[in-house]
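Participant: Starting off with a structure, shown below.
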Amino acid sequence: MSPMYEVTGYDRKTGRLVAFYAVPAGRIPSVKKIAGVPSSDDGLGSYPLDRDQLSAITRILETPISKEDLDYFLEAYAEGANQSAAS
């Protein structure tokens, strides 16, 4: 089973997950390319996103992503996994 991906936002002060945005399956290849995910990725990586990457991904997802004071990453998870809800 292929991993699913989401853009995650962590509070810089606490390190807590405070935002996440699902990447639809059909848009995963484009988002992975922007994030610089290597073709050898096994779905276990966490890829930091800079402001330019985040802006490009926002356009692809057609979802506003707050560029507040968070550290953003592209992260994988197993489909059907119990994910933590952001507060």
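The values are calculated or read from the model by the stated rules, or taken from the named source; none is laboratory data. Worth saying up front: this structure is predicted, and the values here are computed from it rather than measured. Cβ placement follows ideal geometry from the backbone for every residue including glycine, while neighbour counts extend to all protein chains displayed.
Participant: Which ones in region 30-54 are buried (at least 18 other Cβ atoms within 10 Å of the Cβ) and part of a loop (DSSP other than H, G, I, E, B)?
Facilitator: 37 - this is the single residue of region 30-54 that is buried (at least 18 other Cβ atoms within 10 Å of the Cβ) and part of a loop (DSSP other than H, G, I, E, B).
Participant: Of the residues in region 11-29, how many are touching a residue at least 24 places away in the same chain (Cβ under 8 Å) and either surrounded by 15 or more Cβ atoms within 10 Å (Cβ to Cβ) or among the β-branched types (Val, Ile, Thr) (or both)?
Facilitator: Total satisfying the criteria: 9.
Participant: Considering (1) at pLDDT 95 or above; (2) in contact with a helix residue (DSSP H, G or I) (Cβ under 6 Å, 6 or more places away or on another chain); (3) hydrophobic (A, V, I, L, M, F, W, C), say which one residue 54 fails and leave the rest.
Facilitator: Only one criterion is unmet by residue 54, namely (2).
Participant: Take region 17-29 and flag every residue that is outside any strand (DSSP E or B) and in contact with a helix residue (DSSP H, G or I) (Cβ under 8 Å, 6 or more places away or on another chain). Write out each step before concluding.
Facilitator: Taking region 17-29 first, the residues outside any strand (DSSP E or B) are 24-29.
The answer is 24, 27.
Participant: Within the bounds of region 41-50, is there any residue that is at pLDDT 95 or above and among the hydrophobic types (A, V, I, L, M, F, W, C)?
Facilitator: There is at least one residue in region 41-50 that is at pLDDT 95 or above and among the hydrophobic types (A, V, I, L, M, F, W, C).
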